[in-house]
Amino acid sequence: MASNKNIRDINKIITKLIDKNISIKEFRDKIESIFIKHQLTKVDFNIEKLSKKIKMERTAMYHKLYNLKIKKPKKIKK
């Protein structure tokens, strides 16, 4: 469950994106990117774990990461 702070942060992000002149695809890509990056940190950038966590096929996840230009960091912060 999201905390009140997380909900406020999400609302701020959405408001900033809405105020920009972007397409629905750009909006969706930015939201997906934020979501996936956050989830990746929770699973130490393990794509298989992420796929299971968000219920997405692993191969589709690799395509999504490629399309959103999300790359594995050189060093994972722990």
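When you restrict to C-alpha pairs under 8 Å that are six or more residues apart and normalise by the size of the chain, the relative contact order lands at 21 percent. For segment 18-61, the orientation-averaged shadow of the C-alpha convex hull comes to 3.4 nm² (one quarter of the hull surface). Relative to the longest principal axis of the Cα atoms of the chain, the long axis of helix 24-42 makes an angle of roughly 50 degrees.
For the chain, the longest principal axis of the Cα atoms and the long axis of helix 4-19 meet at an angle of about 70 degrees. Would you mind checking the pairs K20/K49; K25/K55; K20/K74; K20/K42 and listing those with alpha carbons more than 27 angstrom apart? As for pairs spanning more than 27 Å Cα to Cα, those are K20/K49; K20/K74; K20/K42. On the principal axes of its alpha carbon atoms, the chain extends 34, 28, 26 Å, with the longest extent given first. Annotation for the chain: GluC sites (Glu not before Pro) lying in DSSP loop with at most 11 further Cβ atoms inside 10 Å of their Cβ are E57.
Here, each number is a calculation from the coordinates, and none is a lab measurement. Note that the structure is a prediction, hence the values are computed from the model and not measured. As a convention, Cβ positions derive from the backbone with ideal geometry for all residues, glycine included, and neighbour counts pool all protein chains shown.
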